[in-house]
Number of protein chains: 2
Amino acid sequence: MKIIRRKTKIIKIGGVAIGGNYPVAIQSMVKTKTSDVRATLKQIEELDRAGCEIVRLAVKDESDARTIKALRRKTRLPLVADIHFSWRLAMAAIDSGADKIRLNPGNIFKKNEIREIAAAAKQNRIPIRVGVNSGSVKGHQATASQRHESFADILVESALGYIKILEGFKFYDIAVSLKANNVLDTLEAYRKFSKICDYPLHLGVTATGLPFQGAIKSGIAIGALLLEGIGDTIRISLTDKPAEEVKAARAVLEALELRSFGPQIVSCPTCGRCEVDLVRAVKELENKIALDGKRYTVNGARPLKVALMGCVVNGPGEAREADAGIAFGKKEGLLFKKGKAAKKVSFSKCVDNLLSELEE
Amino acid sequence: MKIIRRKTKIIKIGGVAIGGNYPVAIQSMVKTKTSDVRATLKQIEELDRAGCEIVRLAVKDESDARTIKALRRKTRLPLVADIHFSWRLAMAAIDSGADKIRLNPGNIFKKNEIREIAAAAKQNRIPIRVGVNSGSVKGHQATASQRHESFADILVESALGYIKILEGFKFYDIAVSLKANNVLDTLEAYRKFSKICDYPLHLGVTATGLPFQGAIKSGIAIGALLLEGIGDTIRISLTDKPAEEVKAARAVLEALELRSFGPQIVSCPTCGRCEVDLVRAVKELENKIALDGKRYTVNGARPLKVALMGCVVNGPGEAREADAGIAFGKKEGLLFKKGKAAKKVSFSKCVDNLLSELEE
C-alpha cells in the first residue's frame, strides 16, 4: 500500500513550496506576543530546531505587524501573518514583509477590504490562506445540535465563497483550511472541499485540547486525510509549547511514511515475558539519536530501522527485519545486523551497540 | 458524518461481549511477571481504574498459568492468557479459568495441538484469538524489501489458514488480529481481511515504540480502520505503563465519537493574542474532572462539552457551541451557558466556575 497524493496547485511561502508533489510541510504558530521581539525570536528558533518549516504569528495590532520586518531579517523560516478583524493589519503585515497572510472569512469579509488585501498580496507575490474555523465561521447562528448535521458544508461554503471573491480580483495564490473542533466534521469538510477545488490544503483540527488527547485527535483526522492523499501542509494545534506541535506533526508524517526525520524505532510494549528494563533502553536510544542530530538514512533516502525487543516471541522477527536490532532473552540480547544474527550483547551496552551499528 | 460499523459475529470474553453492535472494547496487557501475584494484581487494578475492559497476561510457564486461578477470583475484569510456543500452557491456562486464549499462528501450528486447545476452549466456552504479528509470522523468510510489497497478504493468509484449521474442528468462537509494526501494512491487512471474513477484529499496531510517537502511530492506524467501520476491540501497544495504553485507547474512541468517558474539553493552542495562562487552566480543569470521577453527560448519553478559549477570534464561537465555555479577553473571561453569554469571570476562578456550571 502506498499513498497517492492528490494533485494540487503549487504556491510558495517564502522559500517553501507546497502543493503538487512537494513534501507535506510542517507548520506551527508562535505563542508569544509578536511585538515582544526577543521572546518571539526565541520561540521561532525553538521551532526551527524542532523541525518546523513555516511559522505563523498572531498580528493583533500595528506593533505586531511592524515587528515582522525585524523578525524577517533574523530567521530563515517563512513567516505567516495571522490576521483577524482588521484589513489594515493585513496591509501592514504585507508591508512589513510577511511571506503569507492568513485571513479568516468569519471576520474580514467586506469585498472592498478583500480587494485591497488581494492587490497588496499580488504586488508582493505572497499567497493568502483562506482559513475557516468552526469557532468563527460566519452567518451561522443555529443551535449546536442543528449545526452538527451540516456543519462541514458550512465550512466548505464559507471557503468557496471567499475564494470566489479573491478569484473575482484575479487572485489565485491561495491555500485553504477548514478546521472544525472534532475529527468527523474536519474529515467531512476537507473531503468535500478536495473534490471541488484544487488549491493546496492546510490541514488541522482546531481547539484540540491538551497534548496527549490533542495529538491523538489531530493525528487521526490529519492521518486519515493524508492516507486519502489530501493535504499539502499540516499544523497540529496543541494547548502546549509549539515545539511539541512540531514533534507531533513529524510523528504523523513519519507514521505514514510520507517523510522521514531520523531512524525509525521499533520496540515492543513489554509484558510478563520481558526480563530487562526495555522502556529505559528505548528512551536512552531515542535521546541519544535526538542529541547527535544525525539522520541515519540508507543512501540519504530510506531511514534506518532499529529494533529493541523484549523477548523471543516477536523479538527475533522484528530485529531481523530491522537494519539493526536486538531481541532480548534472559538478561542478554542477540544483535541482528541486516537480517543476520551477529553477536550477543549485554543489556547495559545494548544502546551503544545499536548506535555503532547504525553508524556503519 | 457518522461511522457505520461493519457487522461481525459476537463473542464473549468473560462478561464483555465484542462484535455486532457492542461498543468497541478497550484492552491492555499487564507487564509484570504473571506469577508475581501481588505485582500483577496491582497492575490489573490500575488498569481497571484507568478504564481497561479486558486484560491480557503473558503465560510463559506453568506457574503463570496456575496464577490465573488466583487472579480470576480477585478481579472483575476478563483475563486473556497470551500463549506462545507451548500448547500445554494453553491447556493449563484454560484449566485455570482464563476467559480467552490468544494463540500465535507463528509458534503454535501443529494440527493435533490446535485440536486439543480448541476442544478444551469449547468445553470451557471461551473464545480463541488468532493473533498474527509481523514479528512472528510463519513461513516467511524473504528479505525486508521483498516482504514489504505483500506483507499484508502474508498476515491475512496466516490468519485465514489458522481459522480454517479451527473451523475444521468445529470451533467458531474466534477473534482475529493482524498486527504489523507500521501503519500502512496494518491498514492493508485489516482492510483485506474484513472483506473476506466476519469474525470480530482486535485492532492494534505492534512494536510502536515510545508513548508519544506510538500513540500517534496507533491512533492513525486504528482511527483510520474504525472510521471505515472496522474493529471490535482495540489495544494500543506502548513501551510505557499499561494505564497509558488505556488513556490513549480512550482518546481514540472519544475522538471518533464512538464512546465517551467524560466531558469533552475544547481548548485553543493559544497564540500571541492570548493574555492568560490558558495551558495551566486547561490542565487544572482536566485534573479536577479526572479526580472527581463524574462522567458529566447530558441525560446519561452525550458527554458535556466544555470550552476554554484564549481570545476573541474563535473563543466566543467555541464557548457558545459548548454546554459551558469561557472565552478570554484581557485578563477577564466571558462565561457562556448553553449558547448564551451569562457573566464575566476572573481568570483565577474560571475552572471552578466552569465546573459548577457542569454540575448543574
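The values are calculated or read from the model by the stated rules, or taken from the named source; none is laboratory data. All values derive from a computational prediction rather than experimental measurement. Positions of Cβ are generated from backbone atoms using ideal geometry, with glycine treated the same way; all protein chains shown enter the neighbour counts.
Brief remarks follow.
- Residue count for region A:170-188, restricted to those that are assigned to a loop (DSSP other than H, G, I, E, B) and either within 16 Å of A:Arg129 (Cβ to Cβ) or of a type in the set (Asp, Glu) (or both): 3
- Residue in region A:295-307 that is small (Gly, Ala, Ser) and more than 12 Å from chain B (Cβ to nearest Cβ) present: yes
- Lone qualifier among A:Phe193, A:Phe212, A:Phe171 - being in contact with a Leu (Cβ under 7 Å, 6 or more places away or on another chain) and in the same structural domain as A:Ile128 (by TED's automatic domain parsing): A:Phe193
- Tally of residues being in contact (Cβ under 8 Å) with a residue 12 or more places away in the chain, over 16 Å from A:Tyr172 (Cβ atoms) and over 14 Å from the mean Cα position of the chain (by Cα) across region A:194-207: 2
- Positions within region B:72-87 being of a type in the set (A, V, I, L, M, F, W, C) and either in a loop (DSSP other than H, G, I, E, B) or more than 12 Å from chain A (Cβ to nearest Cβ) (or both), in sequence order: B:Leu77, B:Leu79, B:Phe85, B:Trp87
- Of the residues making up region B:1-57, those that are small (Gly, Ala, Ser) and either crowded, with 23+ Cβ neighbours inside 10 Å or under 20 Å from B:Ile101 (Cα atoms) (or both) number 7.
- Scanning region A:88-116 for residues that are in a helix (DSSP H, G or I) and either touching an Asp or Glu at 6+ places or on another chain (Cβ under 9 Å) or of a type outside the set (Asp, Glu) (or both) yields a total of 11.
- Scanning region A:276-289 turns up one or more residues that are surrounded by 23 or more Cβ atoms within 10 Å (Cβ to Cβ), of a type in the set (A, V, I, L, M, F, W, C) and more than 7 Å from every other protein chain (Cβ to nearest Cβ).
- Check on B:Ala243, farther than 23 Å from B:Gly339 by Cα, in a helix (DSSP H, G or I) and either of a type in the set (A, V, I, L, M) or touching a residue at least 12 places away in the same chain (Cβ under 8 Å) (or both): yes
- Against the conditions (1) at the interface with chain B (Cβ under 9 Å from one of its Cβ atoms); (2) at pLDDT 90 or above, A:Ile230 satisfies every one except (1).
- The set of residues in region B:189-221 being more than 9 Å from every other protein chain (Cβ to nearest Cβ), in a helix (DSSP H, G or I) and aliphatic (A, V, I, L, M) consists of B:Ala189, B:Ile196.
- Only residues that are over 16 Å from A:Arg259 (Cα atoms), within 14 Å of chain B (Cβ to nearest Cβ) and basic (Lys, Arg) were counted in region A:1-59, giving 5.
- Residue among A:Lys247, A:Lys217 that alone is under 20 Å from the mean Cα position of the chain (by Cα) and within 26 Å of A:Val351 (Cα to Cα): A:Lys247
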